[in-house]
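What follows is a single structure, written as structure tokens, with notes after it.
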Amino acid sequence: MPVRFGVIQFPGSCDERDAVAACERVGEARLVWHEERDLSDIDVVIVPGGFSYGDYLRAGAIARFAPAMEAVARFAAEGGPVLGICNGFQVLCEAGLLPGALLPNENLRFVCRQVDLVVASTGSAFTAELTEGERLSVPVKHMSGRYYAPGELLDELEAAGQVVLRYAPGQNPNGSARDIAGVRNAAGNVMGLMPHPEHAVDELTGSADGLRLFASAAAGLRAVHATA
Amino acid sequence: MPSRGRRYFCPVKARVLIRPKEGILDPQGKAVERALPALGFSGINHVRVGRLVELETEDPSRLGELCEKLLANPLIEDYEIVELQEA
């Protein structure tokens, strides 16, 4: 049975189609309109990048109240894998599904470039098939990507292996605390990252490293299906 | 005025100030600060840029909750409900 991905689509999302295309390389995928509440046909949820509801207040602040996000919160509470990318990461932080917050980039500029990421933890559904310390080449493109959490919380996250991805030394594009590019929740089923793995799924566009995050989630679910 | 079975609330005008928490780098404030000397303003330091939200509410008792849930992100921002007066 193929793994079924659901990609949430808010008004103002802009990377949902690339996310669907990435998911379709490892399973089946459909868009989930922000007013939908039924995720019963979905195995993995992707909250994609863009500017949900225009991000008029704070990035991700308004989208967290969408009906679909209530469904995503229930889905996550039941252990369903959820990946937030860029704006999706901001939404998951605002919704309290992930620790921390994303602040405007240190230099106030929109950054759009390919960066190297270092895998810091394989304890998430989306990095379970990767190896700690290995590098991934994935693009970033954002204006508010500076990961922040208070110092004590950062210590706790690091100690618990909840820092999943870091920017490679010298490549931190936004001033993120401790070079953090992606984090996970305590259980490991919810993960968020600022870089865009859905834009790195084919060597033709520079790298296929991003695909491995989607493949990792799919492999984990196939293993669950096989034992069920 | 005949009673309609419920209290009538006058809307209350409120002003909410939201600012980056102390200790969090505020690049917008820094950019403003850096621009000032070129314009002839000297001796101005520690510029912080926040947001001001004005609103009218029939239930001011819920303003704190509103700030915590939407207007501010308490992890990164402090808020202050600075003015309450009848509209």
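Couple of notes before you dig in:
- Residue check for A:V224: modelled with pLDDT under 95 and either assigned to a strand (DSSP E or B) or more than 25 Å from A:F51 (Cα to Cα) (or both): yes
- Some residue of the range B:32-45 being closer than 20 Å to A:Q90 by Cβ and modelled with pLDDT of 90 or more: no
- Residue match in the range A:155-175 (condition: basic (K, R) and surrounded by fewer than 23 Cβ atoms within 10 Å (Cβ to Cβ)): yes
- Note on the range A:187-228: residues that are in contact (Cβ under 8 Å) with a residue 24 or more places away in the chain and charged (D, E, K, R) total 4.
- Checklist (1) surrounded by 16 or more Cβ atoms within 10 Å (Cβ to Cβ); (2) more than 14 Å from chain B (Cβ to nearest Cβ); (3) assigned to a loop (DSSP other than H, G, I, E, B) applied to A:S144, failing item: (2)
- The range B:39-87, residues that are within 14 Å of another protein chain (Cβ to nearest Cβ) and among the hydroxyl-bearing types (S, T, Y): B:Y79
- Criterion applied to A:G123, A:G133, A:G151 was being within 14 Å of chain B (Cβ to nearest Cβ), surrounded by fewer than 19 Cβ atoms within 10 Å (Cβ to Cβ) and small (G, A, S), and the one residue passing it is A:G151.
- Those strands (runs of 3 or more DSSP E) lying entirely in the range B:10-87 with at least 3 residues under 19 Å from A:I62 (Cβ atoms) and either without any contact (Cβ under 8 Å) to a residue 40 or more places away in the chain or in contact with a His (Cβ under 6 Å, 6 or more places away or on another chain) (or both): B:51-57
- Here the strands (runs of 3 or more DSSP E) wholly within the range A:22-96 that include at least 1 residues being of a type outside the set (D, E) and surrounded by fewer than 16 Cβ atoms within 10 Å (Cβ to Cβ) are A:28-33.
- Selection count where residues are within 28 Å of B:D26 (Cα to Cα) and away from chain B (no Cβ under 12 Å), scope the range A:92-119: 11
The values are calculated or read from the model by the stated rules, or taken from the named source; none is laboratory data. Predicted model, so just to flag it, every value in this text is computed and none were measured. With ideal geometry, Cβ positions are generated from the backbone for all residues, glycine too; neighbour counts draw on all protein chains shown.
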